[in-house]
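The values are calculated or read from the model by the stated rules, or taken from the named source; none is laboratory data. Please read these numbers as outputs of a predicted model, since none were measured by experiment. Here the Cβ is made from the backbone with ideal geometry for all residues, glycine too, and neighbour counts use every protein chain on show.
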């Protein structure tokens with residue numbers, strides 16, 4: 001596969017949505033899919049990756065589009081304790 005075709009593989013309408021597997025977890029934590037004002041003038045920041053902790057304690061970056069189903073599964077597992085605190 002040519003270098004040009006490799007770049008085309010991960011194209012998206014929004015550059016912030018691009019998946020770059022060479023990025024570290026720390027870099028993925030910082031990547032924003034949206035970083036701009038909305039129609040009301042409020043500044044909106046939407047992370048590209050949803051960071052979750054796996055059962056073994058390791059953190060994993062889930063892409064907000066590609067891994068949306070897995071993110072939904074993680075959210076469904078969340079519980080709230082008697083004090084209203086979220087427990088995963």
Look through the range 25-37, keep the residues that are farther than 10 Å from residue 49 by Cβ and under 13 Å from the mean Cα position of the chain (by Cα), and return whichever of them is modelled with the highest pLDDT.
26
Under the condition of being more than 13 Å from residue 63 (Cβ to Cβ) and in contact with a strand residue (DSSP E or B) (Cβ under 8 Å, 6 or more places away or on another chain), which residue from the range 33-44 is surrounded by the most Cβ atoms within 10 Å (Cβ to Cβ)?
34
Among residues belonging to the range 45-70 that are touching a strand residue (DSSP E or B) at 6+ places or on another chain (Cβ under 7 Å) and more than 21 Å from residue 15 (Cβ to Cβ), point out the one that is surrounded by the fewest Cβ atoms within 10 Å (Cβ to Cβ).
54
If you take the residues of the range 62-88 that are modelled with pLDDT of 80 or more and part of a strand (DSSP E or B), which of them is farthest from residue 33 (Cα to Cα)?
62
